[in-house]
Amino acid sequence: MTNHVPVIAIDGPSASGKGTVAERVAAALGFHYLDSGALYRLATLNALRRQVPLDDAVPLAGATRELEISFRDGKLWLDGEDVTEAVRTEAVSAATSRVAASPQVREALLERQRLFLRPPGLVADGRDMGSVVFPHAALKVFLTADVGTRAERRHKQLMEKGMCAKMADVVEELRQRDARDSARPVAPLRHYPDALFLDTTALTIDQAVGQVLAWYRERTGN
Ligand code: CDP
């Protein structure tokens, strides 16, 4: 029975810090963690490697259903190979945003995402966690920050990985991704009224984590 297992759903745009916040909230509560963006990235890398055309929904969804993946030792595995770095390249990021726009692919990943729901609880991170995948989540948060702040965070991340990027390009890339994710007809990025709004522009990660935990305690008394 997973009906009574609590879910905290954290939706929000790219580079808002939702991944880091979600992971820390999960660690603080001893909950499982779902990085749904990683699933979309794995589905995309798999399709690229198998030369499945990204705009042909039926074979793409078929390949997605058959994905051989696992999350182990803090790494991502595809067909037994460590692809943690490979799924984060710019080429895969750009292709993922196209793949994620397919309703058939989203449907193919739905049950896989729900399998992450196990006691004692789950923190799920992604564009549509509270709106589509876990509509009954005990707490839904829409976590965001203004585009300049998100671009600075992404830029810093890239520099730390030794990758060069111009700030103006990072801002432009984020704007385009926001527009694509918000405009798509399936599972668009949106702040739905049942999600609490958390603007992290002026917050540290610890403050953002503290706020989510405080809301969760208020809601559940835990
Ligand atoms: O945070 P960032 O967008 O850089 O990466 P991500 O969370 O790993 O997501 C990668 C891509 O997957 C994005 O382009 C999203 O549009 C898509 N995605 C989605 O459509 N639905 C989700 N639940 C999670 C990610």
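Nothing in this text is a laboratory measurement; each read-out follows from the coordinates by a stated rule. Everything quoted here is computed from the prediction, not taken from an experiment. Cβ atoms come from the backbone with ideal geometry, glycine included; neighbour counts cover every protein chain shown.
List of remarks:
- Across region 208-222, rounded Karplus estimates of 3J(HN,Hα) from the backbone phi angles (6.51 cos²θ - 1.76 cosθ + 1.60, θ = phi - 60°) give 5, 4, x, 5, 5, 5, 5, 4, 4, 5, 4, 5, 10, x, 8 Hz, Gly and Pro being marked x.
- The chain, dipole about Cα centre (Lys/Arg Cβ +1, Asp/Glu Cβ -1), debye to the nearest 20: 200
- Coarse-grained scattering of region 2-216 at q = 0.09, 0.11, 0.12, 0.13 Å⁻¹, given as base-10 log I(q)/I(0) from a Debye sum over alpha-carbon atoms: -0.33, -0.51, -0.62, -0.73
- Of Arg72, Arg112, Arg127, the residue with the greatest mean-square motion in the GNM of the chain, using alpha carbon springs below 10 Å, is Arg72.
- ³J(HN,Hα), Karplus 6.51/-1.76/1.60, whole Hz, each residue of region 133-141, x for Gly, Pro: 6, 10, x, 9, 3, 5, 9, 10, 10
- A simple spin-label model places pseudo-atoms 7 Å from Cα toward Cβ; at Ser182 and Leu48 they are separated by 2.7 nm.
- Note that region 30-43 has calculated 3J(HN,Hα) couplings of x, 8, 6, 10, 10, 9, 5, x, 5, 5, 5, 5, 5, 4 Hz, one per residue in order, obtained from phi through the Karplus relation 6.51 cos²θ - 1.76 cosθ + 1.60 (θ = phi - 60°); glycine and proline are x.
- Look at the alpha carbon pairs under 8 Å that are at least 6 residues apart: their mean separation over the length of region 2-216 gives a relative contact order of 34 percent.
- Under a 5 Å amide H cut-off, with hydrogens placed 1.01 Å from N, Gly121 pairs with His32 among residues at least 5 apart or on other chains.
- Among Thr64, Thr44, Thr149: highest mean-square fluctuation, GNM of the chain, C-alpha pairs under 10 Å: Thr149
- Selected from Val123, Val83, Val133 as most flexible by GNM, with the chain as the system and alpha-carbon contacts under 10 Å: Val83
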